[in-house]
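First up is the structure itself, then whatever we jot down about it.
The values are calculated or read from the model by the stated rules, or taken from the named source; none is laboratory data. Please read these numbers as outputs of a predicted model, since none were measured by experiment. Note: ideal-geometry Cβ built from the backbone for every residue, glycine included; neighbour counts use all protein chains shown. Side chains are part of the model used for accessible areas, which takes the heavy atoms of the whole protein and leaves out ligands, DNA and RNA. Shrake-Rupley method; radii C 1.70, N 1.55, O 1.52, S 1.80 Å.
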Amino acid sequence: MLAALLLALACEAGPAAEAAPLLLDRPRELRLEFGGEMGRRIDRNIDAWLLPAPISNPGMLEMLRARDRKPVPNLVPWAGEFAGKYLVSAVLALDMTSRRDLRERVAGFVRELIEAQAEDGYLGPFPKAERLLGHWDLWGHYHVILGLLLWHERTGDADAMAAACRAADLACRTYLGGSRRVIDAGSPEMNMALIHGLAILHRKTGEKRYLELAREIEKDWEGSGDYLRRGLAGQEFYRTPRPRWESLHDLQALVELRRSSGDERYSKSFENLWRSIARLDRHNTGGFSSGEQAVGHPYSPLPIETCCTIAWMALTVDMLRLTADPRAADELDLSTWNGMLGSQHPSGRWWTYSTPMDGVREASAHSIVFQARAGTSELNCCSVNGPRGLGMLSDWAVLVDPSGPFLNYLGPMTARFVLADGSPFGIEVSGTYPAGLETVRITMRPGADVETALRVRVPGWSADTWYRLEPVDGPAAGALRADAGTYLALRRRWRDGDALVLRLDERTRVEAGLREQAGRISLYRGPLLLAFDPRWNPFDEDAMPPLDGAAVAGSVARVEAPGADAFPPILLVTLPATRGGSVRLCDFAGAGSTGRAYRSWLPAVNAPPAPVILDRPRPGEAIPAGRAAFSVRPRHGAAPGERLSLHIAPAGDSAAKRAIEIERGRTFVVEGLAAGEHLWRIEARNAIGASASETRPVRVDPALPPQSAAGSGSLLDLPLRGTAEPGRGELEDVQGALPAAGPGGEADGSMKFDGKGGRARYRIHDFPEDGYAAHGWIAPASFPEGRIAQVMSAWCRPGDDPLRITIEGGKLFARIESNGRRFSTEGVPLELGRWVHVAAVKAGPKLALYVSGAERTTADVPEVIESHAELLGLGGNPLFGGDESFHGSIARFRFESPAPAPEEIRKIAASPP
Ligand SMILES: [Zn+2]
């Protein structure tokens, strides 16, 4: 009785005070109606998916009712998410349709969902003894709570709010006040995403326990994804310990925690991680993930999962509302019109699991059919989640701040809502965006004349944008220019019919590829990525003539009418190609809709430089005044003849700008920078064109010691004179190592490792990727029997060891394990008790083993090694549970990036310490 009373009270405390509200909000009483292809896709989603899905997949709710019946159902661990993800998509869809049948279907679904809730608040499909303790059960509840809260927000349905609270209360009873922690439920990035639902629920109800549990999960993060601290340190998202897509829903909690606490660390960390994904891991399609996670570059041909793109869009909605940065709205526009729309079949009947940059579209019920069960033949993580991508239009198309509306969506649509002061307002957008860029007409429909600011997104890609107001007022009778990548801000008293007419840049944009996409280009017109689909051409992919990047860039493509077609593309253009040929390209979302293989990375000649992505110094990192390195991300596969230049100036003093060119490599060494804040960027230039990075601030702190001559240089410098303490670097711990004689016989000239689990571990914050070396003196005391021994190793998990120097069968090897593949040099025999200088050097596609200063053997390795290594073990494997320890002495050992030249290795080997 008391418990029930407490449950009821939990939902009645009223909203919590917000210490730092978001800059942009969803307008009150928002109603949207979309025209054009988006309107058709939304309608088909309703007719072909949202209405029939719960009927043709009755197990979506039946699995909750059958949870404690026999036989125990054999469900995928995430099955509990299906109802929640479906509900989120369906409620969002209600914002953009007035259809009663959908409203009734969703209302009925919510009723049945609540009826299926167990007495203790449990809303999942697993047996009683397992409730919230394992599987992806907390993750499932996160999605169900999200759906119920959205429904409550739109309808005021108190039962839905109460059900969400009861589910959260069960989580609190399970994980607060005892010794059990959320991290114990396993699958941490999935189950810990509940933190986002808890933080929203706290904001809406003021119930402190929800925030308390959220804070406990925040502590658990440190043992898994460590998002807050990694983000604050400016670490790239793909380098964090849990770079899978589910983590993005954890990251969303950072925004809620910022709202409730006002603590800027949350928003800073969030913005850094969002920018990292946008910079490195967002594909040309606006899709996110390579094989379900971030990998540090967008060129990987691995699957781009629909759930991952949806999570990225949800994260980006938060970024837009947190910062009002129009770049976030540009990202949503890109994802929406390409990757997201491409994951929906134009019939509306199915969604993909993967929407690759090049490949075919398969229904998720086809490629991940392993998730189907009796009663849920069409259900999988993506089929229920993809429709949220359309629904999210209501989260970003139009937003407001206290001064007035922000229009982000430029396609044909009507938005009606209420301004902050309560006056009704409407915006009508007409035209054929994104196919037609020459005229986007934005007509105001206020209920009565009203004065308000209006901000209209000018896309970052629209370098040449013009606008005019109708009726024309004031002396500026002609068209005016608007700046790309900003909000065009207009404040006036708006009358019904007042219009703003935009003309956007129609020119074709070229983006060159690197790595797996080297030698190819992507083309854009407006927000649309263009793609080759053989059904619009008389030849197949293998006979496609290469495009001429120089001729295509900046040209205005000839637009064609597709003619009568079951699945007409949004855009069809003809572009001139080499060999006197031409190629017809359609929009990416329209490509492959009949099952033919399509391609968005197109063969090309004369490509301009690929985008330049900054590496070090990281966002927020301080550098010394004496000597510091600046670098870009690896550019493997860049067209020959590319030159890089660094441009740096003290903030506010562009007259003191310096420009530095380098011949080769990707690292600039700069000396003599004045203290204080500087702005820097790096440009790439070739005969065809140029490409510039973003401009990034960096703080110069004269108190920091200068970096070494080779750039970032020595990451570790270990004198090992009777102690494991580094000269440069960070010692994590040491065991089983004692001072011993050095190569010249001097006392305490080395450290001797016991070969019985002894090792020293050093922290490497960002393991280098394309050029690095480990080198030092060793004297083996005995060779291991029946196992290998690591002189050094950076192993962090199976298939991921970016460098090791290994002894096996009395021979020395240099080795790399990457993405599950193993690379090894030949073995070089060693003599027991004899000092010898050894070096393992990874430079570009080559791994070399040097002994006594001479290169003895090499192996072919990948140009770029992406690794999660954060520890370097000396005398043993830093993390592996089995024994791989080295018995012998090690003197003066270094780990460096970039790799020293062969001549340097020879010199070092010639002068023992
Ligand atoms: Zn999925």
So, GLY108, is that one closer than 24 Å to GLU62 by Cβ, among the small types (Gly, Ala, Ser) and not in a helix (DSSP H, G or I) or not?
no
When you look at SER276, is it closer than 27 Å to GLY186 by Cα, more than 16 Å from the ligand (Cβ to nearest atom), open to solvent by less than 20 Å² (accessible area, probe 1.4 Å) and of a type in the set (Ser, Thr, Tyr), yes or no?
yes
Pairing a residue in segment 158-180 that is touching a residue at least 60 places away in the same chain (Cβ under 8 Å) with any residue that is outside any loop (DSSP other than H, G, I, E, B) and open to solvent by 20 Å² or more (accessible area, probe 1.4 Å), where Cβ atoms lie under 7 Å and the two sit 6 or more apart in sequence or on different chains, gives MET161/HIS152; CYS165/LEU7; ARG166/LEU7; ASP169/LEU7
Does segment 224-238 include one or more residues that are at pLDDT 95 or above and under 17 Å from TRP136 (Cβ atoms)?
yes
State which residue pairs qualify: first residue farther than 14 Å from LEU390 by Cα and among the acidic types (Asp, Glu) and inside segment 341-364, second residue in a loop (DSSP other than H, G, I, E, B) and more than 13 Å from the ligand (Cβ to nearest atom) in any location, beta carbons under 8 Å apart, and separation of 6 or more residues or different chains.
ASP358/PRO301; ASP358/ALA597; ASP358/SER600; ASP358/TRP601
From (1) away from the ligand (no atom under 16 Å from the Cβ); (2) open to solvent by less than 20 Å² (accessible area, probe 1.4 Å), pick out the condition that doesn't hold for GLY342.
(1)
Please go through (1) assigned to a loop (DSSP other than H, G, I, E, B); (2) open to solvent by less than 20 Å² (accessible area, probe 1.4 Å) for ARG834 and return the number of the only condition it doesn't satisfy.
(2)
Quick test for you: out of PRO54, PRO73, PRO27, pick the one residue that is within 26 Å of ARG131 (Cα to Cα) and at pLDDT 95 or above.
PRO54
Any idea how many residues of segment 52-75 are open to solvent by 20 Å² or more (accessible area, probe 1.4 Å), in contact with a Leu (Cβ under 8 Å, 6 or more places away or on another chain) and in a loop (DSSP other than H, G, I, E, B)?
0
Determine if segment 698-719 includes at least one residue that is acidic (Asp, Glu), open to solvent by 60 Å² or more (accessible area, probe 1.4 Å) and either part of a loop (DSSP other than H, G, I, E, B) or modelled with pLDDT of 95 or more (or both).
no
Checking LEU437 against (1) among the hydrophobic types (A, V, I, L, M, F, W, C); (2) within 23 Å of ALA324 (Cβ to Cβ); (3) surrounded by 22 or more Cβ atoms within 10 Å (Cβ to Cβ); (4) away from the ligand (no atom under 16 Å from the Cβ), the condition it does not meet:
(2)
For segment 454-468, how many residues meet the condition of being of a type in the set (A, V, I, L, M, F, W, C) and crowded, with 17+ Cβ neighbours inside 10 Å?
4
Residue pairs meeting the criteria (Cβ under 6 Å; at least 6 apart or on separate chains; first closer than 10 Å to ARG584 by Cα, in segment 531-549; second among the charged types (D, E, K, R) and surrounded by 12 or more Cβ atoms within 10 Å (Cβ to Cβ)):
PHE532/ARG599; ASP533/ARG596; PRO534/ARG596; ARG535/ARG596; TRP536/ARG584; ASN537/ARG584
Residues that are part of a helix (DSSP H, G or I), among the polar types (S, T, N, Q) and within 16 Å of the ligand (Cβ to nearest atom), drawn from segment 282-338
THR306, THR309, SER335
Restricting the search to segment 607-625, which residues are under 19 Å from PRO898 (Cβ atoms) and part of a loop (DSSP other than H, G, I, E, B)?
VAL612, ILE613, ASP615, ARG616, PRO617, ARG618, GLU621, PRO624
(1) of a type outside the set (A, V, I, L, M); (2) away from the ligand (no atom under 16 Å from the Cβ); (3) open to solvent by 10 Å² or more (accessible area, probe 1.4 Å) all hold for PHE270 apart from (3)
Flagged in segment 802-831 as within 19 Å of GLY757 (Cα to Cα) and either crowded, with 21+ Cβ neighbours inside 10 Å or touching a helix residue (DSSP H, G or I) at 6+ places or on another chain (Cβ under 7 Å) (or both), in numbering order, are ARG804, ILE805, THR806, ILE807
Tally up the residues in segment 619-632 that are open to solvent by less than 20 Å² (accessible area, probe 1.4 Å) and under 24 Å from the mean Cα position of the chain (by Cα), please.
3
Output the number of residues of segment 17-51 satisfying the condition of being farther than 30 Å from GLU264 by Cβ and not in a strand (DSSP E or B).
17
Test SER247 against the stated conditions and say whether it is farther than 18 Å from MET357 by Cβ and either away from the ligand (no atom under 16 Å from the Cβ) or within 11 Å of the chain's Cα centre (by Cα) (or both).
yes
Quick one: how many residues across segment 734-746 are modelled with pLDDT of 95 or more and at positive phi?
1
Considering only residues that are open to solvent by less than 20 Å² (accessible area, probe 1.4 Å) and not small (Gly, Ala, Ser), which ones fall in segment 287-298?
PHE288, HIS297
